[in-house]
Amino acid sequence: MAPSDARTGTLLAPAPWVDGRGDRIRITAVRTFLTAPHGCPHLIVRVETSDPGLYGLGCASDPQRTLAVRSVLDDYLAPMLVGRDPDDIEDIHRLMLNSAYWRGGSVTGNALGGIDVALWDLKAKRLRAPLHSLFGGRVRAFAEAYTHVDGADAHEIADKVTAARERGYRHVRIQAAVPGSDTYGAAGVGSPDRSVPWNSAAYLKTVPGVLTRVRERVGDEVELLHDVHERLDPRQARDFLRRVEGAALYFVEDLLAPEDAGHFRRLHASSPVPLAVGELFHDLRQFMEVLEGPSIDFARIRVPTLGGLTPARKLAAVCELRGVRLAPHGPADVSPVAQAATLALDISSHAFGVQEAAVFKPAVHEVFPGTVVAHDGGLVPNEAPGHGVDFDEVAARRHPVPEPGVHDRWALLRHTDGSVGRP
Ligand code: MG
């Protein structure tokens, strides 16, 4: 067997029905690209075919383990795909998932997610249809979006909420600085290398009061959200919910870490504050624990980490049946390719609630033509075939990704007693 033959998907993983299909389009290459036009690393996947000019684009961006995801794609998954008919997305997804034997984890999830979204993009392009039309079509005119603001005190935050309202947003995530402590989501406090420790007691004493005063200043015509970013333990989380009730939040996000998810049931049963969780989940089964009951109100899915649209659509169906709304993860570490793929899900699912919307730097729009931008607080999908976002390889080369250990420093945090904290 020639080495080139050994690296074809038809020989590595034959699908028994393929022979009867005759001369169909085949996958000829899976290429990966690194770029960082916004500063954080993006890993883009391009699945190419025997039809010249027909390709699909996916996003496999795990900013903390970018090169490991790239190796899974280049060294393990790409050889399984070359030679296969790109139409069989469900079969290909399961085959790639099981090929690792030890399934799961963010590295595997993002690698799968990159290929999966590229295959959905490719299928929609072949059918000359926007991606959401393959998911049953649109069920809403636009996806409600939320943006982020932060500040040193209630006055500054309230002014920024008002400015966001004037830009059209009806949902705004608010993060407040904690004097003397690292603080997630508040610019200008703490330090980029996390040398300032996190102080849970100071956060609990300060932030619920600030959020409540912001509510008093802005009134009830705008929805306010807040992200705890998994920095509290279950006892502190209960205390936080009690203190923050007056802020009438739309939801509080990542009140607990995935490791403490067993406590959501008790917290949810006794709290009037809606709970959102899931951006750190990399497996559908992690969601099943909190969807029993359910013990959350919003599922914060991150499409690339979960393994792409194939598993995300199944999760959306369970959420719809459980009465849980989707609030997909979408800051700038999710590339415009994955943003558009997520929007196809939002716009076609009855379970959709609200979408986190990134505001990208101008350079991102050069690298990713078709990047979706929020207008009047909502996101409208591109009606071009596929997910509608392209990739300019030449422009991408102008934005090299940071070396490992540079961006990763973001996730290093310690408590005031020196022990390691959650990012
Ligand atoms: Mg978050």
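Below, the figures for the structure above:
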item	result
Filtered residue count, the range 257-273, keeping only those that are of a type in the set (S, T, Y) and open to solvent by less than 30 Å² (accessible area, probe 1.4 Å)	1
Index of the failed condition, A68 passing every other in (1) assigned to a loop (DSSP other than H, G, I, E, B); (2) surrounded by fewer than 21 Cβ atoms within 10 Å (Cβ to Cβ)	(1)
Checking V334 against (1) within 26 Å of Q236 (Cβ to Cβ); (2) out of contact with any Pro (no Cβ under 6 Å at 6 or more places or on another chain); (3) assigned to a loop (DSSP other than H, G, I, E, B), the condition it does not meet	(1)
Matching residues in the range 331-348 - criterion: being within 16 Å of the ligand (Cβ to nearest atom), of a type in the set (G, A, S) and surrounded by fewer than 24 Cβ atoms within 10 Å (Cβ to Cβ)	A332
Flag for Y146 being among the hydroxyl-bearing types (S, T, Y), modelled with pLDDT of 95 or more, within 30 Å of V244 (Cα to Cα) and in contact with a Lys or Arg (Cβ under 6 Å, 6 or more places away or on another chain)	yes
Test: residue in the range 386-398 that is within 16 Å of the ligand (Cβ to nearest atom), in contact with a Ser or Thr (Cβ under 9 Å, 6 or more places away or on another chain) and open to solvent by less than 60 Å² (accessible area, probe 1.4 Å)	no
Cross-chain or 6+ apart pairs with Cβ under 9 Å, the range 102-115 first and more than 12 Å from R65 (Cα to Cα) and open to solvent by 10 Å² or more (accessible area, probe 1.4 Å), then outside any loop (DSSP other than H, G, I, E, B) and among the hydrophobic types (A, V, I, L, M, F, W, C)	R103/L97; G104/L97
Of residues in the range 410-423 being under 22 Å from the mean Cα position of the chain (by Cα) and open to solvent by 60 Å² or more (accessible area, probe 1.4 Å), the one farthest from A201 (Cα to Cα)	W410
Some residue of the range 401-409 being open to solvent by 50 Å² or more (accessible area, probe 1.4 Å), without any contact (Cβ under 8 Å) to a residue 60 or more places away in the chain and outside any loop (DSSP other than H, G, I, E, B)	no
Residue match in the range 179-191 (condition: in contact with a Phe, Trp or Tyr (Cβ under 8 Å, 6 or more places away or on another chain) and at pLDDT 95 or above)	no
Residues (farther than 13 Å from L112 by Cβ, outside any loop (DSSP other than H, G, I, E, B) and in contact (Cβ under 8 Å) with a residue 24 or more places away in the chain) located in the range 71-82	D74, P79
Members of the range 289-326 that are under 21 Å from G105 (Cα atoms) and within 16 Å of the ligand (Cβ to nearest atom)	V290, A299, R300, I301, R302, V303, P304, T305, L306
Answer residue from the range 274-288, given it is open to solvent by less than 10 Å² (accessible area, probe 1.4 Å) and free of Cβ contacts under 8 Å to residues at least 40 places away in the same chain and is farthest from the ligand (Cβ to nearest atom) among those	F287
Where V222 falls short, out of the listed (1) within 15 Å of the ligand (Cβ to nearest atom); (2) touching a helix residue (DSSP H, G or I) at 6+ places or on another chain (Cβ under 6 Å)	(1)
Candidates V367, V373, V318 - the one that is at pLDDT 95 or above and crowded, with 22+ Cβ neighbours inside 10 Å	V367
Hey, R194 of a type outside the set (A, V, I, L, M, F, W, C) and modelled with pLDDT of 90 or more or not	no
Residues of the range 225-248 that turn out to be within 16 Å of the ligand (Cβ to nearest atom) and either of a type in the set (A, V, I, L, M) or at pLDDT below 95 (or both), as a count	4
Residue check, E90 under 18 Å from P385 (Cβ atoms), at pLDDT 95 or above and among the acidic types (D, E)	no
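The values are calculated or read from the model by the stated rules, or taken from the named source; none is laboratory data. This one's a predicted model, so the numbers in the text were calculated from it and none came from an experiment. Here Cβ is always computed from backbone atoms with ideal geometry, including for glycine, and neighbour counts include all displayed protein chains. Calculation scope for accessible area: heavy atoms of the full protein, side chains included, ligands and nucleic acids excluded. Shrake-Rupley method; radii C 1.70, N 1.55, O 1.52, S 1.80 Å.
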